[in-house]
Amino acid sequence: MTHLDLYSLSFSDLETLLESWGEPPAHAKTIWQWLYRDCGTDPRTLTGLPISLQTRLVETTYVSHPQRLAHQISEDRNTHKVLLALADGEQIETVRQEADERLQARQ
């Protein structure tokens with residue numbers, strides 16, 4: 001059986017999947033928040049859902065994680081660049097810059 005990456009689904013796709021399983025599509029909101037707000041990885045932690053749905057999610061889906069391809073750190077160590085590969089083959093680059101404590105918004 002091929003497992004389905006939950007991140008590959010749009011919100012409406014998730015609702016449709018749940019309906020096809022005989023589950024209320026309203027559960028999509030709980031799963032969506034767990035994925036995108038809580039960065040969930042284990043459906044068994046979705047305690048607001050029926051155990052039967054948690055089990056089905058464990059057995060038929062997964063949550064993909066990006067793979068780190070490269071990580072560069074600037075000489076002053078204040079800037080980090082990370083190149084990530086996504087499950088669909090796309091790549092994204094993230095940059096984190098640490099702000100100097102002296103730089104603050106004026107009030």
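The values are calculated or read from the model by the stated rules, or taken from the named source; none is laboratory data. Note that the structure is a prediction, hence the values are computed from the model and not measured. Reconstructed Cβ throughout: ideal geometry from the backbone, glycine too, with neighbour counts over all protein chains shown.
Residues being at pLDDT 90 or above, surrounded by 12 or more Cβ atoms within 10 Å (Cβ to Cβ) and either not aliphatic (A, V, I, L, M) or not in a strand (DSSP E or B) (or both): count how many of those fall in the range 75-93.
Result for the range 75-93: 5.
Listed residues Ser74, Ser52; which is free of Cβ contacts under 8 Å to residues at least 12 places away in the same chain, more than 20 Å from Leu9 (Cα to Cα) and assigned by TED's automatic domain parsing to the domain that holds Ser10? Please lay out each step first, then the result.
On the way: Ser74 fails: assigned by TED's automatic domain parsing to the domain that holds Ser10.
The match here is Ser52.
May I ask you to list pairs of residues, at least six apart or on different chains, whose Cβ atoms are under 6 Å apart, with the first in the range 20-34 being closer than 18 Å to Tyr62 by Cα and in the same structural domain as Leu49 (by TED's automatic domain parsing) and the second being part of a helix (DSSP H, G or I) and not hydroxyl-bearing (Ser, Thr, Tyr)?
Qualifying pairs under 6 Å: His27/Leu18; Ala28/Leu14; Ala28/Glu15; Ala28/Leu18; Trp32/Phe11.
Return yes when Glu19 is touching a Pro at 6+ places or on another chain (Cβ under 7 Å) and either loosely packed, with under 11 Cβ neighbours inside 10 Å or not aromatic (Phe, Trp, Tyr) (or both) and no when it is not.
yes
Suppose the filter is out of contact with any Cys (no Cβ under 7 Å at 6 or more places or on another chain) and either crowded, with 16+ Cβ neighbours inside 10 Å or within 22 Å of Trp21 (Cβ to Cβ) (or both); does Gln67 pass it? Please lay out each step first, then the result.
Working: out of contact with any Cys (no Cβ under 7 Å at 6 or more places or on another chain): yes; either crowded, with 16+ Cβ neighbours inside 10 Å or within 22 Å of Trp21 (Cβ to Cβ) (or both): no.
So Gln67 fails the test.
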